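Taking it in order: structure first as structure tokens, then the write-up.
Values in this text are rule-based calculations from the coordinates and carry no lab data. All values derive from a computational prediction rather than experimental measurement. As a convention, Cβ positions derive from the backbone with ideal geometry for all residues, glycine included, and neighbour counts pool all protein chains shown.
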Protein chains: 2
Amino acid sequence: MTRVFNFSAGPATLPESVLLQAQAEMLDWNGVGASIVEISHRSADFIAVAAEAEADLRTLIGIPENYAVLFLSGGATTQQALLALNFAAPGQTVDYVVTGHWGKTAIKQVAPYAKVNIAADGEPEGFRSIPARDGWKLTPDAAYVHITANETIHGVEFRPVDGKGAAPDVGSVPLFADFSSSIASEPIDVSKYGVIYAGAQKNLGPVGVAVVIIRRDLLERSGQPRADIFDYRSHAARDSMLNTPPTWNWYLAGLVFKWMLAQGGVAEFARRNALKSKLVYDAIDASGGFYRNEVVPQARSRMNIPYFLPDETLTARFVAESKAAGLLALKGHKAVGGLRASLYNALPVEAAQALVGFMHDFQKRNG
Amino acid sequence: MTRVFNFSAGPATLPESVLLQAQAEMLDWNGVGASIVEISHRSADFIAVAAEAEADLRTLIGIPENYAVLFLSGGATTQQALLALNFAAPGQTVDYVVTGHWGKTAIKQVAPYAKVNIAADGEPEGFRSIPARDGWKLTPDAAYVHITANETIHGVEFRPVDGKGAAPDVGSVPLFADFSSSIASEPIDVSKYGVIYAGAQKNLGPVGVAVVIIRRDLLERSGQPRADIFDYRSHAARDSMLNTPPTWNWYLAGLVFKWMLAQGGVAEFARRNALKSKLVYDAIDASGGFYRNEVVPQARSRMNIPYFLPDETLTARFVAESKAAGLLALKGHKAVGGLRASLYNALPVEAAQALVGFMHDFQKRNG
């Protein structure tokens, strides 16, 4: 068996040691004579796994005690609808800062439930930057301000500005952030956010489970009429076991958390992610325009690097030849075309080095 | 490694051959150099897996072409809320026939969105039977009539009556059924239903994915305002890939479908399930009252058999000793206590035989 370097934007590469453990335990987990995917979520065995995953995630990210942590089925999109249902009164204004594709789709989920104010929009400038904070048109009594911490398709990420953290200052209105493609990739100050949510399938592990981190006082908001299964309070009160949770996915995420802690935690992944993305951006910038990334340097994503070749023929050749060279999933998202390298936590530095080597070689042969 | 006989009510036992295949493919699926949990849901590789799972499920259950089949994240509870959002006009009456715990919780999800009429309720008689059809108080212009085909906790199942199928006749109003714990356990006439939905984790495979089978004309109903992610039409139009689906869970379900087809399909599982449940009910009925099941014979579930010993001490001893004997998860649900044996498709006949042997022995020693 040969494992490739997998640059998939999500579902994405997992640590080999985690897959090996899941493989070893597939028919008999922890000596119980059954797989963990076959046992009750209400069993003491699974409850211990679930609680340990939460504790490890709290340690990993540094989640304060006054935040609830939920593990829910479905991905980030479902949470985008639930945010409005749980935290906005019917018809209340919610402020959205749109910096790419996912910020736009978030609005689609919210529109039936709240009055959406687009406080800032990067689209007129082609989603190449984060609109300057002083131009944002925020609503004083908005239910919340929503940002997308990293845009997976457009490769635009909120980065630290003027020596301060990456979280924009939005005053007393709670800041909600879709962290699907950058959670746990560097230290974050959770206390700056009201809600942080993320599908797990990029930086945290497997597809099929989402993590939602909620400042507990927000759970006291009445929100609007909704089914019990759409109520974060009910999920929080039942430790995310209001109904049958995606147990195997939760377990696998827990294995990834342990791996991340053993590797040195988010500080170490911040170092690796900065290194990997610098390698690729440097290769792009040193290519004399053969490779192009169009995002302004101060908003370039460390996680997803969309880039372009001079024409479609070269792009198709790059995708085919890189795949043959053991570099998987470098084709860009259909919304923007070109190429994309996703460099999540579980992607080793060696993968970025291999990609850069391939890029040099490809340019030599085709430039 | 010793695999036990696993009587869990869900998540539940899986075919060993399926687990072995998933184990073998864990680090390298189909020679791509990555696990299937690591590749994009938009890749041709995964789309083929997804389409094959749908085609196999259609063959297995006999789903007509005029029904859409969705594979969605979350379990049955989420669907219970979505049914009203998609198929009932705001405030329209929906009829619910309550035959156990899950019928009751279904109403909780629907209450914010529709006017619930409890057309029949088995609770006054302790959920020991299906209320006779001629006593149901149906609403002529209801959006739908909802039943729970099998109640996992109370062990009450809709069974064929008077030589006709198990689906009650509700006239022209569409019949919606929660089939979570009995789907694909025997042949069903899908055309009698408007919607059939089921969490996969009992008879269809792994936890973390739900199957929703919808008569296509119902998708033309406007329902009520809802987020795009809550709209069955959007999921149907995008082949259940509106957002990132639980790919690994979907893949594992597909392996279970192939296993079921290879074993002889639902006709064969109907035979095995009838045999397994007869073995256990006969042992209960022949015990002279040492073991008790309280459901009337014509509504006894083939899937879940709740039963009782004379006292709590014996119950605790039975649970502990059966576990030590390699018979897992026989403790009853906390809502009713006692014992429960769940006998889903993947539980072999040998497991029911072993349970009956243990029951005889336990009675001899304690009766």
Fill in the blank from the handout: Violations at 19 Å Cα threshold for listed pairs A:LYS104/A:LYS334; B:LYS164/B:LYS192; A:LYS115/A:LYS202; A:LYS276/A:LYS364; B:LYS104/B:LYS137 -> A:LYS115/A:LYS202; A:LYS276/A:LYS364
Practice task
Given the options B:LEU219, B:LEU19, B:LEU261, state which has the largest fluctuation in a GNM of chain B using a 10 Å cut-off (strictly under) for Cα springs.
Solution key: B:LEU19
Practice task
Taking the Cα centre of segment B:265-366 as origin, work out the dipole magnitude from +1 charges on Lys and Arg Cβ and -1 charges on Asp and Glu Cβ, in debye rounded to 20.
Solution key: 160
Completion exercise
If B:HIS154, A:HIS101, B:HIS360 are placed from fewest to most neighbouring beta carbons inside 10 Å, the sequence is B:HIS360, A:HIS101, B:HIS154
Practice task
Could you please rank A:THR148, A:THR315, placing first whichever residue has the fewest other Cβ atoms within 10 Å of its Cβ?
Solution key: A:THR315, A:THR148
Exercise for the section: Positive end of the charge dipole of segment B:17-262 (Lys, Arg +1 and Asp, Glu -1 on Cβ, about the Cα centre): tell me which of B:TRP248, B:ILE147, B:THR93 has its Cα farthest that way. Expected result: B:THR93
Handout entry: Calculated [θ] (222 nm, deg cm²/dmol) that DSSP helices of n ≥ 4 give over chain B, each run adding -39,500 (n - 2.57)
Key = -11000 deg cm²/dmol
Completion exercise
By the mean-Cβ-within-10 Å protection proxy, highest first, B:332-344, B:53-65 rank as B:332-344, B:53-65
Practice task
Return the long-range amide H neighbours of A:ILE118 (sequence gap of 5 or more, or a different chain), with a cut-off of under 5 Å between placed amide H atoms.
Solution key: A:TYR96
Fill in the blank from the handout: Rounded to the nearest 0.05, FRET efficiency between B:ARG216 and A:MET241 (Cβ-Cβ, R0 45 Å) equals 0.85
Handout entry: Length-normalised contact order of chain B in % [C-alpha pairs under 8 Å, at least 6 apart]
Key = 24
Practice task
Tell me the label-point distance for the pair B:THR2, A:ALA335, using the 7 Å Cα-to-Cβ offset, in nm and rounded to one decimal.
Solution key: 5.4
Practice task
Enter the mean number of other protein chain beta carbons within 10 Å of the beta carbon of each residue in A:209-215, as an integer.
Solution key: 1
Practice task
Quote the FRET efficiency, to the nearest 0.05, computed for A:ARG159 versus B:ASP162 with a Förster distance R0 of 60 Å and r equal to the Cβ-Cβ distance.
Solution key: 0.25
Practice task
Within 10 Å of each Cβ in peptide B:104-112, how many partner chain Cβ atoms are there on average? Round it to a whole number, please.
Solution key: 3
Exercise for the section: Please turn the phi angles of segment A:232-249 into ³J(HN,Hα) values with the Karplus equation 6.51 cos²θ - 1.76 cosθ + 1.60 (θ = phi - 60°), one per residue in order, whole Hz, x for glycine and proline. Expected result: 4, 4, 5, 5, 5, 5, 10, 6, 6, 10, 4, 10, 5, x, x, 4, 5, 5
Practice task
For a label point 7 Å from the Cα of B:GLU125 along Cα→C-beta, name the residues of segment B:283-304 whose backbone N is under 19 Å from it.
Solution key: B:293-302
Exercise for the section: Tell me the distances, shortest first, between A:LYS115 and the same position across the other copies, using label points 7 Å along Cα→Cβ, in nm to one decimal. Expected result: 3.1
Handout entry: Computed over segment A:184-314: relative contact order in percent, which uses C-alpha pairs under 8 Å that are six or more apart
Key = 22
Handout entry: Rough spin-label spacing in nm, given labels placed 7 Å along Cα→Cβ, for A:GLU350 and A:ARG133
Key = 4.1
Handout entry: Amide H contacts under 5 Å for A:ARG340, placed H, 5+ residues apart
Key = A:TYR307, A:LYS331, A:GLY332
Practice task
Compare B:VAL161, B:VAL94, B:VAL280 in a GNM of chain B, Cα atoms joined below 10 Å, and give the one with the largest fluctuation.
Solution key: B:VAL161
Practice task
Please list, in chain and number order, the residues 5+ apart from B:ASN304 or on another chain whose amide H is under 5 Å from its amide H, with Hs placed from the backbone.
Solution key: B:LEU343
Problem - Three-way shape call for chain B based on the alpha-carbon gyration tensor, with the a/c threshold at 1.5 - result: oblate
Exercise for the section: Rank A:ALA351, A:ALA200, A:ALA149 by mean-square fluctuation in a GNM of chain A with C-alpha springs under 10 angstrom and give only the top-ranked residue. Expected result: A:ALA351
Problem - Partner chain coverage, peptide B:327-333 - average Cβ within 10 angstrom - result: 3
Completion exercise
With +1 at each Lys and Arg Cβ and -1 at each Asp and Glu Cβ, the charge dipole magnitude of segment B:17-262 around its Cα centre, to the nearest 20 debye, comes out at 420
Exercise for the section: Please turn the phi angles of segment B:21-29 into ³J(HN,Hα) values with the Karplus equation 6.51 cos²θ - 1.76 cosθ + 1.60 (θ = phi - 60°), one per residue in order, whole Hz, x for glycine and proline. Expected result: 5, 4, 5, 4, 8, 4, 9, 8, 8
Fill in the blank from the handout: Here segment A:156-169 yields Karplus 3J(HN,Hα) values (6.51, -1.76, 1.60; θ = phi - 60°; whole Hz; Gly and Pro given as x) of 10, 10, 5, 10, x, 10, 6, x, 9, x, 6, 6, x, 7
Practice task
Would you give the gap between the C-alpha center of segment A:162-226 and the C-alpha center of segment B:291-367, rounded to a whole Å?
Solution key: 45
